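A short write-up of the structure that comes next.
The values are calculated or read from the model by the stated rules, or taken from the named source; none is laboratory data. What you are looking at is a predicted structure, and each value in this text was computed from that prediction instead of being measured. Cβ: placed from backbone, ideal geometry, glycine included. Neighbour counts: every protein chain shown.
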Amino acid sequence: MAEQAVRKNVAIQAKPVLKWAGGKTQMLNDLLPKVPSSYGRYIEPFFGGGAMFFALQPENAIIADSNPELINMYRQIADHVDDVVSCLKKYANTEEVFYAVREQEWTSLPQAEAAARTIFLNHTCFNGLYRVNKQGKFNVPYGKYKNPKICDEEGLYAASEALKKAEILCGDYLLVLEHYAQPGDFVFLDPPYLPISEYADFKRYTKEQFYEEDHVELAKMIMQLHERGCHVILTNSNHPLVHELYAPFTIDVIQTKRHISCNGNTRKGEDVIVAIPPKQQTLLKLVPEPLPAQVSSYPPTRFMGSKSKLLSEIWSVVSQFNVNTVVDLFSGSGVVGYMLKAQGKSVISNDYMAMSATFTKAMVENNNVVLPLDEAKNLLVEHKESDHFVANTFKGLYYTDEENDLIDTLRTNIWAMRDQYKQAIAMTALIRACTKKRPRGIFTYTGHRYDDGRQDLKKSLSQQFLEAVEAVNKAVFDNGKTNLSKHGDAMDLRVENADLVYIDPPYYSPLSDNEYVRRYHFIEGLARDWKGVEIQEHTQTKKFKSYPTPFSTRKGAADAFDKLFKKFSHSILVVSYSSNSQPIQDEMVAIMAKYKEHVEVVPIDYKYSFGNQSEAKTHRNSVQEYLFVGY
């Protein structure tokens, strides 16, 4: 006993007791960084060789396997390691002894001797494999190793200390997980791999098979664990079904070596590690509050996707964080950035659309400059001949000849202005005037077939322009902060120390159209003065080529979100997205969870006002707008 006490005082890292085909020792460098920093219990229901367990040595664990022989061995090492060691010392590494021991029925032996038999056969058989015949008899041949380590006393005692801290169960993984897994637990799953193969059978260390339908059932249980609030890490082969089943989560492909093939060319493989974070319990509360009166001064807009009706809900979420600097990454109509400015935040607005950047230049960045009405009236007077670009290019499409001439005059005078904020106010007013003079406010059609007799359509363009100048002037205010308007790609925006980033990108849906340029090409052209754009002369509307955007496809949108979340991983993230858009909710959560410890989804009932051709009624129906919040 004194010798045992000495052993226990020696710091020896516990390691797997068995040679294990498909064991995870070689993957530990990739697996351990994914283990949560804190968790409740460690649960491993496909225990096998237990490489992860022995590497972590958790204080509170539940380990299980459906192989009773394997479970008997671990229980005996935990509770009767001295007896197991004594039995192992009796074995000799000879072919005669090996086959004599192999013929034994383990269930007829004393439990400690049965455990020793399992270890002996594993260490002396060919490649440490486990295979049984139809009668359930172990039938792997003798390995002919000169000096196998049959009894690793120090390793067994170290393993015993680790196993004593675990509850060791024999049973089906579904029953184990259903009964024991609780919120906050860490579940490590190393099931038999896809596809069904000799390697998969060996890996499980049992005669039972694990088919594709079993993997589907496993995926369902993993989703339950996710909903329950468990941390889950899964390993498997790099098989298409694995990618299909776990598409919403992070899947890393790892190059590994196989140790059971006689053919060296087939010993390389690809494993995957799937990290499934717990679904976060909702901590944020959605309690809309009245907004400052200043917010109502923002000129109303018919801009597609505008969040003017969701400002209270957005502020309800943002207000629960202590933030000073906020980035409105896809500013669109500019109303969210304006609302945040009214709430006393330092706002950085950005958009790839020049017209959006013009709005925020005039009313978010600008704190005190207005455009006097007499100066605005002077812009309506021709001071030098224009280039007649609008009159020549868009003749007969959207406006009368007289109105086209006035637009050209305003363009010429606005671009000659020296004050950047007065220029932004004037251009904003011109854009608003042109929009109000168009039925439906868009430029996807020509003529006036949608004229519904609205008063706005009866007003002259000059009257619309002057009224817009007055509206923008009333919206100008100083919140005592430095605010900025940026015009560029969100991926290229450089911001230091942004406390919160609000992201409202184009929504991708196979049923809808998120091409802003197609709807607003004319007024976007005004904001750019048609510089750097390619007008498609063959089109009836004379639109210009749309800007490239990753949000035009499902995969492109998912990749773009991943890059944005990574880029702004040090900021609180608030993302607006619709329930009828893709990526879907679970995928969005999984992408954000790669960079944020907490991810919550705040649903908001919302009715869209824009439809798309034959699908218009569908898109006017009530859906849910999601606010994905990562912090």
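Is it the case that Lys279 is surrounded by 21 or more Cβ atoms within 10 Å (Cβ to Cβ) and outside any strand (DSSP E or B)?
Criteria not met by Lys279.
Of all residues in the range 28-61, count the ones that are assigned to a loop (DSSP other than H, G, I, E, B), of a type in the set (D, E, K, R) and surrounded by 15 or more Cβ atoms within 10 Å (Cβ to Cβ).
Total meeting the criteria: 1.
Is it the case that the range 379-394 has a residue that's surrounded by fewer than 21 Cβ atoms within 10 Å (Cβ to Cβ) and under 16 Å from Val469 (Cβ atoms)?
Yes, the range 379-394 contains at least one residue that is surrounded by fewer than 21 Cβ atoms within 10 Å (Cβ to Cβ) and under 16 Å from Val469 (Cβ atoms).
Quick check, is Gly136 crowded, with 20+ Cβ neighbours inside 10 Å, among the small types (Gly, Ala, Ser) and not in a helix (DSSP H, G or I)?
So Gly136 does not fit the description; no.
Would you pick out the residues in the range 9-67 that are at pLDDT 90 or above and aromatic (Phe, Trp, Tyr)?
If the condition is that a residue be at pLDDT 90 or above and aromatic (Phe, Trp, Tyr), then Tyr39, Tyr42, Phe46, Phe47, Phe53, Phe54 are the ones that fit.
Restricting attention to the range 118-133, which residues are at pLDDT below 90 and either among the polar types (S, T, N, Q) or outside any helix (DSSP H, G or I) (or both)?
Asn127, Leu129, Tyr130, Arg131, Val132, Asn133, listed by residue number.
Residue pairs, Cβ under 8 Å, 6 or more apart or interchain, first in the range 394-412 and farther than 14 Å from Leu430 by Cβ, second part of a helix (DSSP H, G or I) and charged (D, E, K, R). List them.
Lys395/Asp401
So how many residues does the range 447-466 have that are loosely packed, with under 13 Cβ neighbours inside 10 Å and of a type in the set (Asp, Glu)?
Result for the range 447-466: 2.
Given Tyr421, Tyr352, Tyr399, which one is outside the structural domain of Ser306 (by TED's automatic domain parsing), surrounded by fewer than 24 Cβ atoms within 10 Å (Cβ to Cβ) and either in contact with a strand residue (DSSP E or B) (Cβ under 6 Å, 6 or more places away or on another chain) or farther than 24 Å from Leu457 by Cβ (or both)?
Tyr421
Restricting attention to the range 296-336, which residues are touching a strand residue (DSSP E or B) at 6+ places or on another chain (Cβ under 9 Å), among the hydroxyl-bearing types (Ser, Thr, Tyr) and in a helix (DSSP H, G or I)?
Ser316
If you check Ala426 against the conditions, is it surrounded by 14 or more Cβ atoms within 10 Å (Cβ to Cβ), closer than 20 Å to Met304 by Cα and either modelled with pLDDT of 95 or more or under 40 Å from the mean Cα position of the chain (by Cα) (or both)?
no
Test Phe210 against the criterion of being at pLDDT below 90 and surrounded by 14 or more Cβ atoms within 10 Å (Cβ to Cβ), and give yes or no.
yes
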